[in-house]
1. Could you tell me which residue of the stretch 220-258 is nearest to the chain's Cα centre (by Cα), considering only residues that are away from the ligand (no atom under 16 Å from the Cβ) and charged (D, E, K, R)?
2. How many of the residues in the stretch 354-391 are surrounded by 18 or more Cβ atoms within 10 Å (Cβ to Cβ) and within 12 Å of the ligand (Cβ to nearest atom)?
3. With the condition kept exactly as written, say whether any residue in the stretch 313-323 is more than 20 Å from Gly196 (Cβ to Cβ), aromatic (Phe, Trp, Tyr), modelled with pLDDT of 95 or more and more than 16 Å from the ligand (Cβ to nearest atom).
4. Identify, please: which residue in the stretch 87-107 is basic (Lys, Arg) and touching a residue at least 24 places away in the same chain (Cβ under 8 Å) and is, among those, farthest from Ala61 (Cα to Cα)?
5. Do the conditions hold for Gly105, that is, is it under 19 Å from the mean Cα position of the chain (by Cα), more than 30 Å from His171 (Cα to Cα) and not in a loop (DSSP other than H, G, I, E, B)?
6. Anything in the stretch 325-346 that is within 11 Å of the ligand (Cβ to nearest atom) and touching a Phe, Trp or Tyr at 6+ places or on another chain (Cβ under 9 Å)? List them, or say none.
7. Looking at (1) within 15 Å of the ligand (Cβ to nearest atom); (2) more than 30 Å from Leu138 (Cα to Cα), which one does Pro307 not meet, given that it meets all the others?
8. Within the stretch 108-146, can you find the residues that are free of Cβ contacts under 8 Å to residues at least 60 places away in the same chain, closer than 16 Å to Phe194 by Cα and of a type in the set (Val, Ile, Thr)?
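The values are calculated or read from the model by the stated rules, or taken from the named source; none is laboratory data. Predicted, not measured: the structure shown is a model, and the values here were computed from it. Cβ placement follows ideal geometry from the backbone for every residue including glycine, while neighbour counts extend to all protein chains displayed.
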Amino acid sequence: APPETSPPSLPDALPINAILVVNAGSSSLKFQVFATDASGQLDCLVKGQMDGIGTRPRLRATGPDKKPLIDQSYSVEKVPDLPAATQETGDWLRQTQKVNLVAVGHRVVHGGPEYSRPVRLTADVVAQLERYVSLAPLHQPNNLAPIRTLLSRRPELPQVACFDTAFHRDHPKVADYYALPERFYKEGVRRYGFHGLSYEYIAQRLPDVAPNISKGRVIVAHLGSGASMCALANGRSIESTLGFTALDGLAMGTRPGQLDPGVVLYLIAEKGMTPAAVQDLFYKESGLKGLSGISNDVRELQESADPKAAFALDYFVYRVSLFAGMLAAALGGLDGFVFTAGIGENSATMRARIAEKLGWLGVTLDVDANTARKPLISRNDSRVAVYVIPTNEELMIAQHTLALISGRAERAAE
Ligand code: AMP
């Protein structure tokens, strides 16, 4: 049985101004509520997610002290899809969180060629973003669904879209093209790059955490169930391992990463696979899961004695090191390397294995600092400084949302 839950005790007389951040995927709805004030301070009040939507729906959330606020399971009939999950989660938030919602910030995977910064959502903007559904068919519709629901139910509530592609939009032209006839570029077949909210957050943290490299040449490795790497020059993205979709570059939990397009032709022409079957293979059955035949989760692979599990991890480390070489070439050298996301933040073993492969680039790990997960994990004499910086995409979205609704973003862009 789910544990007893009690609403957090917020003072009734003083409703806190808050921003809701929504990250809607195909089977999960993640959310955070941030208290805010005139100074621009953002404090996380609630962090939670509804997962197993359509299969085993379960809503979990914690308060600022990580205290559980709710852990409740639902029948599939009650929460069959994302709109139902949005409704249930919204009801729970309204009943328990006595806050004055001033805006909602949404993660939207694709901003297409147009959007290089967050945007205030209107019906027109949503119509524009609908056009990018074909560029991100698995993510974009889910991202847009709660926006549409809220626009119709609460038209007065400001909503802001923050894009995973936006941070990379200023990368150089040579990084933006595929060597295809120009007409494809014009219709949007470009190297967008993703995980931009994570990279932007890391770039923003660098002056505080790593001032010695923040203006230099830095590779950020976002290694989670989705994984990519980004080359930062003076805090700006100049190259990344992802392109048109989130399938390129590193092998990921269930995605293969870089693949010869000839393989796709082979699957369709020789194996008779449909586009839907190829899509399933590439998004759900490949990567660490496909290689190991065991799991997409690095923890499980590390615990397994099966040689195929070890091979999948070897493969991951090898591909990270290959792409580090590519990004170092784009930067013309390397001053810093940052690990972030699930694997990067939590696995000292994977960090050590990757760092060892980067020795030729000037990386020397401080073994104790790495085990203790210090922010700086390279030795003093390491030519390249190596850091572990936890990412926070939701806080980045909240910051953008607050800046847009308070007019600060417009002033900064002028
Ligand atoms: P993310 O998508 O950023 O939440 O990362 C999720 C992935 O991080 C999981 O699939 C795991 O493979 C990995 N992960 C999380 N914690 C650990 C850990 N302690 N050791 C190794 N891998 C981990």
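1. For the stretch 220-258, the residue satisfying everything is Asp248.
2. The qualifying residues number 1.
3. Yes; the residues of the stretch 313-323 include at least one that is more than 20 Å from Gly196 (Cβ to Cβ), aromatic (Phe, Trp, Tyr), modelled with pLDDT of 95 or more and more than 16 Å from the ligand (Cβ to nearest atom).
4. Here is the first cut: in the stretch 87-107, the residues basic (Lys, Arg) are 94, 98, 107.
Add one more test, that the residue is touching a residue at least 24 places away in the same chain (Cβ under 8 Å), and what stays is 98, 107.
Values: Lys98: 16, Arg107: 19 Å.
Taking the candidates together, the pick is Arg107.
5. No; evaluated as a whole, the condition is false for this residue.
6. Hits for the stretch 325-346 are Thr340, Ile343, Glu345.
7. Exception for Pro307: condition (1).
8. Across the stretch 108-146, the qualifying residues are Val108, Val133.
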